[in-house]
1. Using only alpha carbon pairs under 8 Å that are at least six residues apart, calculate the relative contact order of segment 60-168 and give it in whole percent.
2. Among THR20, VAL237, LEU198, which residue has its Cα positioned farthest towards the positive end of the charge dipole of the chain, with +1 placed on the Cβ of Lys and Arg, -1 on the Cβ of Asp and Glu, and the dipole taken about the Cα centre?
3. Calculate the spin-label point distance for VAL237 paired with VAL94, positioning each point 7 Å from the Cα along the beta-carbon direction, and give it in nanometres.
4. How big is the shadow of the Cα convex hull of the chain, averaged over all directions, in nm²?
5. Decide, for segment 137-296, between rounded, prolate and oblate: order the square roots of the alpha carbon gyration tensor eigenvalues as a ≥ b ≥ c, take rounded if a/c falls under 1.5, and otherwise choose prolate if a/b is larger than b/c, else oblate.
6. Using the alpha-carbon centroid of each, what span in Å lies between segment 150-197 and segment 108-137?
7. Using a 10 angstrom Cβ neighbour count of at most 16 plus a DSSP loop assignment to flag exposed GluC sites (Glu not before Pro), which longest range of the chain is free of such sites?
8. Where the only charges are on Cβ atoms (+1 Lys, Arg; -1 Asp, Glu), what is the dipole of segment 1-152 about its Cα centre, to the nearest 20 debye?
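The values are calculated or read from the model by the stated rules, or taken from the named source; none is laboratory data. Remember, it's a predicted structure, so these values are computed and weren't measured experimentally. Quick reminder, even Gly has a Cβ in these numbers, built from the backbone with ideal geometry, and neighbours come from all protein chains shown. SASA here: full protein model, heavy atoms, side chains in, ligands and nucleic acids out. Shrake-Rupley method; radii C 1.70, N 1.55, O 1.52, S 1.80 Å.
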Amino acid sequence: MTALLIVGDVVTDVVARHRTPLVPATDTAAEIRTLPGGAGANAACWAARSGCSDVRILARVGTDRASWHEERLRAAGVRPLLVRDEEAPTATVVALVDAATERTFLTDSGAALRLARGDWSPTLLDEVSHLHLSGYLFFAAPSREVASLALAAARERGVPVSVDPASAGFIAGLGVRSFLDAVEGVDVLLPNADEAALLTGLPDPSDAAAKLSHGFPLVVVTLGAAGALVARCGRVVARVPAPRVRAVDSTGAGDAFTGAFLAARLSGAPPCEAAAAGCRAGARAVTVLGGRPPEP
Ligand code: ADP
């Protein structure tokens, strides 16, 4: 029983890199690529790349590109459990990346947040030793219900659960209290520094990590190029540096961290070793375009 089940999102990423500033009402030359993405799917692929031999992802996609996504997930070593939505397209994010690698997103959640209670069955937890929930699920009512059913079923079976809060902007939209209520009972929380600050009202990541760890048994706050903090029982227990790299695209750094962290935990690594594995994967992720591990 060593499978990792991720419930989350599969997204088509359209990445447009433009060297000159955008000018309204005319053309701006850009390099445009269509890549498979989605926080949940990216984390699944990084977990598989980091040595987890049985990774599964439950997500909802449109009939457009469903086969392409399944094929890309299988190629990355992930078992796709994709529900095909007849009415909504696959979630698509258009990422505009400027010369300074600053990113602006246009997000169509499409089928991703239409994951609904009928898509969930507790039997999805058969053989599963860890459940990871992508934070995006909490930002729409149907998918939030799936997240809550999955969390309850995992707790009943004694399967540990992690959550990546995913988006400070969407948490602010939902409300911090509602988000924290929805993730109550989660074993591992993996916010980035912005999300940790928003969830606690504390701008300092160490303070935020320490405070969050009163409510969650294990908290790991990622800090971009500065690495990550591990907190337990109200205090920071480890600071893990990130390897120095030349970043070209920060898409999916947090997902890479999550995937490698979970793979390491599943293979028995203690939290700070797992965080170091997460930092290595995060650093690797920022050196490639898109959110998935590069093809071997
Ligand atoms: P998110 O993508 O969720 O905002 P972060 O930006 O905190 O997450 O990045 C996650 C992890 O990726 C960091 O903890 C770090 O290990 C790694 N990482 C991110 N940016 C860099 C960078 N510029 N150089 C090296 N590692 C990085």
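1. 22
2. Of THR20, VAL237, LEU198, it is VAL237.
3. Between VAL94 and VAL237, the simple spin-label model gives 4.6 nm.
4. Hull-based average projected area comes out at 14.8 nm².
5. Since a/c stays below 1.5, the shape of segment 137-296 is classed as rounded.
6. 14
7. 185-296
8. Here segment 1-152 has a charge dipole of around 240 debye.
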